[in-house]
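Comments concern the structure below.
FYI, it's all coordinate maths here, none of it is from the lab. None of the values given here were measured: they were computed from a predicted structure. Here the Cβ positions follow ideal geometry from the backbone for every residue, glycine too, while neighbour counts run over all protein chains shown.
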Amino acid sequence: MDNVDKKASFLNDGKPDFDLIHDVDEGSTCSQILRVLIIILSSIISIIPLTWFFAIKIFDQYERAVIFRLGKLKREQAYGPGIIYVFPFVDTFKRIDLRIKTVNVNAQSVMTLDSVTITVDAIIFFHVNDPTKAVLTVQNFTQATSLIAATTLRSVIGSSELDELLQKRDMISNKLKNILVGTAMDWGISIDSVEIRDVELPQNMQRVMASQAEAERDRRAKVISANGELQAADGLHLAAEDMSKNPATLQLRYLQTLTQIAVEHPTKIIFPLPMKMKSLAESQSKG
């Protein structure tokens, strides 16, 4: 109540109350003295060998330590790796893993831009870039990254069409990553990659897309068959023109066809001999 009355008198009179300022200075001085005494006491205790087990900490190459001394951040830059000594009952620390972590974004039921309801899930790869900021800014950066990724995934999928999602999945993943990078940077988190893992379509949409794909395959098969017949007709036309220039060529082709038939299917083939060959044989016998 005395402090309140002193503050009120300062506001009313417009003049500083030196007694109040003196009390504040005394409180700050007492706090500093108490901090020094606790640190000195902790230093004396740390000399005892029994406390070395609690005071000496070993951090691996991929780990960093954010140390607080009596609740205040000791240093902006994180400690480690290697051996770190902390004062008992005075220093507390947070162990941060710098390795790449994975976060599974739960399946989200989203309606696309062309009014198709789908279920999409994704996976995020990230690592801690600034351990101090990750500890001071957010309570659980892994959970926070997962929640912001799920929200961003719904927003990105809702602004994309189904064909774009199915055919240009890499573009959607990059768009999602660019949005997450700006938010996670303020938390000391670096987003390495975002991948859309699975897209689940409704049963009726799957049947429609299967029918569409089957019709497309039939169309391509008919076009290929028609092009083949056209090319074959052009080839036969050219062959017929070349054979018509020499009658013997057509006869040789005829004999070659008979030979192929006899090889593939052994059978008896009866065909008439040309009359010219008979007359040629008779003339040779008379000669």
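Give me a comma-separated list of calculated 3J(HN,Hα) values for the range 231-244, in order, Karplus coefficients 6.51, -1.76, 1.60 applied at θ = phi - 60°, integers in Hz, x for any Gly or Pro.
5, 5, 5, 5, x, 5, 5, 5, 5, 5, 5, 5, 6, 5
What's the exposure ranking of 257, 145, 249, 112, going from fewest to most Cβ atoms within 10 Å?
257, 249, 112, 145
Hey, how many Å between the Cα centroid of the range 166-192 and the Cα centroid of the range 112-161?
8
Just to verify a number: FRET efficiency for residue 123 and residue 209, C-beta to C-beta distance, R0 = 25 Å, to 0.05?
So, using R0 = 25 Å, E works out to roughly 0.50.
Output ³J(HN,Hα) for the range 93-104: one whole-Hz value per residue in order, computed from phi by the Karplus curve 6.51 cos²θ - 1.76 cosθ + 1.60 with θ = phi - 60°, and x for Gly and Pro.
My calculation for the range 93-104 gives 9, 10, 8, 10, 8, 8, 6, 5, 10, 10, 10, 8 Hz in order.
So how many Å³ per residue does the convex hull of the Cα atoms of the range 155-268 work out to?
Numbers: hull volume 28.1 nm³, N = 114.
Enclosed volume per residue, from the Cα hull, is 246 Å³.
With r defined as the distance between the Cβ atoms of residue 155 and residue 237 and R0 fixed at 51 Å, what FRET efficiency is calculated, to the nearest 0.05?
Working from the Cβ atoms, E equals 0.25.
Using only C-alpha atoms and all pairs of different ones, pull out the Kirkwood radius for the range 97-165 in Å with one decimal. Before the final figure, lay out each step's value.
Values: mean 1/r = 0.0746 Å⁻¹.
Result for the range 97-165, one decimal place: 13.4 Å.
Under the Karplus relation 6.51 cos²θ - 1.76 cosθ + 1.60, θ = phi - 60°, what is the ordered set of whole-Hz ³J(HN,Hα) values for the range 65-71, x standing for Gly and Pro?
10, 9, 9, 10, 10, 6, x
Among the listed pairs 72/101; 133/168; 57/101, give every one whose C-alpha distance is greater than 26 Å.
The pairs that break the limit, which is 26 Å between Cα atoms, are 72/101; 133/168.
Go through 224-232, 146-154, 193-201 and give me the packing order, highest mean Cβ count within 10 Å leading.
For the peptides 224-232, 146-154, 193-201, the packing ranking is 146-154, 193-201, 224-232.
In terms of modelled amide H atoms, which long-range or inter-chain residues lie less than 5 Å from the amide H of residue 108?
120, 121
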